[in-house]
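Written below as structure tokens is the structure these notes are about.
What follows is calculated from the coordinates using simple rules that are stated; it is not laboratory data. Every value quoted in this text rests on a predicted model; they were computed, and no experiment measured them. Quick reminder, even Gly has a Cβ in these numbers, built from the backbone with ideal geometry, and neighbours come from all protein chains shown.
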Amino acid sequence: MKTLKLNNRFLNKGDIVILGLSGGRDSMTLLDLLLKQKIKVIIAHINHKKREASEIEEKYIINYAKDNNIICETISYLNHNHSNFQSQAHHFRYEFFYKLAKKYNAKYILTAHQADDLAETIMLRLITGSNLYGYGGISLFTPYKDVLIYHPLLEYSREDINDYVKNNNIIYFEDESNNQNDYLRNRIRHEIIPLFKQENPNFLNSINNYSNILKESFSFIRENTINYLNNKLEIELNSFSLLHNALKKDIISYLLEKHNIKPSYNLINDLINLINNKKPQLDYNLLNDYLFVKRYDKAYITKKTKQEFNSITLNLGETKIFDNNLTLSLMENNSNSNAKSLKIWYNDLDLPLTVRYRLPGDYLEFNFGKKKIKDFFIDKKIEKEKREKYPIILNNKGQVIAIIGLINLSKGNRLSYLICEEK
């Protein structure tokens, strides 16, 4: 058994911390240690309203805080019907802690995770999949936005904490749901880890060593990832192809994390395969309306855009706004030399002109024959997203006579100017 104590390197008398306090054995033990070391604790308690006992526990924590002159912040979580309750509740919990950390200018957010929790987390991720960092489990410090989450009990086992509870008469509450096997983590706790401990009494030490090795390896690779990206969130494909496969995968993982998308083994491999595909432009649908896109010599993550179909008609002498950001004027003379303009040759029967974005099947007509605008864009190596941002000009017969900013095929015996001004 280890004797529990807090590390003076990280916590000192008078420090302000946010403590996630459930009222359970581990968090009540951590609270006792903090108070004995004269740390200024802000209690953060979440009532999930899933058990009748939760009301008793909340009342006890509030009264305990009053008796010990401790600030106590409580909140209820009621979104029980969500299909991914645990993940949503986790996010809710840490957002609550974060807001309190900013409110009270706290040094850390503290949670009472211990060595058995580390083992459970690693086993859980081995079963469900993760990246190198995730397989390492819980870290002593975990960044959350611009605040650090600190787990000061991580080196201590559940047995160490039980010993402290008995010797110090700690009052705590037992969540009966922890004894049920409804959740995978509980099944790991009750059925899998005991078998490993039976085979190796030092199993938790072995898990801790395993975790440290993975985290050290991850730290080295992540440093190289950050150096490679050089403050950019896109991959240069030629240099990427020369990298070690482990670094390639972490670069992909890093980009996903930056967009709050959970990396997984299969997802990362899918994106590597997309990059290695010989096709110059490819898309991969990600969560939260994001796309991973390959565009000729680069790859990156972007938000999906919904291109609204806009169409205007223009007669000579008219000025209209296209797509809410482009003012178009069809004039006999170009009186605004500072604006972008396009010489439009036309016959009387060509008017009015139509301005819109391209549609499937649109084509350009050259002396040598027709070419789809899609193929024209490909020849010009115009990226997919940018293709949707080039307005096209059609005459009254529906023929494409120009693409603003790219090509002008207008013909006729009269000259006008299409003046383009961005709002």
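Translational diffusion of region 301-423 was estimated from the Stokes-Einstein equation, with Rh taken as the Kirkwood radius over Cα pairs; at 25 °C and 0.890 mPa s the coefficient is 163 µm²/s. Using the Cβ of Asn69 as centre and a radius below 13 Å, the other residues enclosed give a net charge of +2, where K and R count +1 and D and E count -1.
Can you compute the modelled spin-label distance between His90 and Tyr390, with each label point 7 Å from Cα toward Cβ, in nm? Reported label-point gap for His90 and Tyr390 is 4.5 nm. Using 0.36 nm per residue and subtracting the Cα-Cα separation, the extra length available between Lys103 and Asn202 on full extension is 31.5 nm. Once the C-beta distance of Asp289 and Asn169 is scaled by a Förster radius of 60 Å, the resulting FRET efficiency is 0.65 to the nearest 0.05. Remark: the chain carries a charge dipole of roughly 1160 debye about the Cα centre, counting +1 on each Lys and Arg Cβ and -1 on each Asp and Glu Cβ. If you average the C-alpha positions of region 379-399 and of region 261-339 separately, how far apart do those two centres end up, in angstrom? The two parts, judged by their Cα centres, are 12 Å apart. Placing dummy labels 7 Å off each Cα toward the beta-carbon, the span from Lys304 to Ile56 is 4.9 nm. As I understand it, the value is the acute angle between the Cα axis of helix 265-276 and the longest principal axis of the Cα atoms of the chain; what does it come to in degrees, rounded to 10? For helix 265-276, the angle is close to 30 degrees.
Dipole orientation for the chain: of the candidates Thr354, Pro152, Gly369, Gly369 has the Cα lying most toward the positive pole (charges on Cβ; Lys, Arg +1; Asp, Glu -1).
Take the alpha carbon gyration tensor of region 73-196, find the square roots of its eigenvalues, order them as a ≥ b ≥ c, and report rounded if a/c is under 1.5; if not, report prolate when a/b exceeds b/c, else oblate. Judged from the Cα gyration tensor, region 73-196 comes out rounded (a/c under 1.5). Here r is the Cβ-Cβ distance between Leu126 and Asp379 and R0 is 41 Å; the resulting FRET efficiency, rounded to 0.05, is 0.25.
Counting only alpha carbon atoms, the long axis of helix 85-104 and the longest principal axis of the chain meet at about 80°. If you take every DSSP beta bridge whose two residues both sit in the chain, what share of them, in percent to the nearest 5, is antiparallel? Of those bridges, close to 75 percent are antiparallel. Only one residue of Ala106, Leu78, Ile39 has its Cα farthest out toward the positive end of the dipole of region 16-208, where Lys and Arg carry +1 and Asp and Glu -1 on Cβ, and that residue is Ala106. Remark: region 9-26, residue by residue, has Karplus-estimated 3J(HN,Hα) of 5, 10, 10, 10, 3, x, 4, 9, 9, 9, 10, x, 10, 8, x, x, 4, 5 Hz, where x stands for each Gly or Pro and the curve is 6.51 cos²θ - 1.76 cosθ + 1.60 at θ = phi - 60°.
Only helical runs count toward this figure. For the chain, summing -39,500 (n - 2.57) over DSSP H runs of n ≥ 4 and dividing by all residues gives -11000 deg cm²/dmol at 222 nm. Name the shape class, rounded, prolate or oblate, that the alpha-carbon gyration tensor gives for region 134-213, where a ≥ b ≥ c are the square roots of its eigenvalues, rounded holds for a/c under 1.5, and otherwise prolate holds if a/b is larger than b/c and oblate otherwise. Judged from the Cα gyration tensor, region 134-213 comes out rounded (a/c under 1.5).
Pairs from the table (Lys278/Lys372; Lys249/Lys294; Lys40/Lys103; Lys298/Lys384; Lys13/Lys40) lying more than 18 angstrom apart at Cα are Lys278/Lys372.
Summarising the label geometry, the points placed 7 Å from Cα in the beta-carbon direction at Leu184 and Ser76 lie 3.1 nm from one another.
Placing unit charges on the Cβ atoms of the charged side chains and taking the dipole of the chain about its Cα centre, the candidate lying farthest along the positive direction among Asn205, Asn266, Gln399 is Gln399. For Rg/Rh (Cα atoms, Kirkwood Rh), the value calculated from this model appears in (1) 1.01; (2) 1.04; (3) 1.16 under label (3). When you restrict to C-alpha pairs under 8 Å that are six or more residues apart and normalise by the size of the chain, the relative contact order lands at 11 percent.
Put simply, the amide H of Tyr108, placed in the peptide plane, has neighbours under 5 Å in Ile18, leaving out anything fewer than 5 places away on its chain.
Ranked from largest, the principal axis spans of the Cα set of region 232-303 equal 29, 24, 23 Å.
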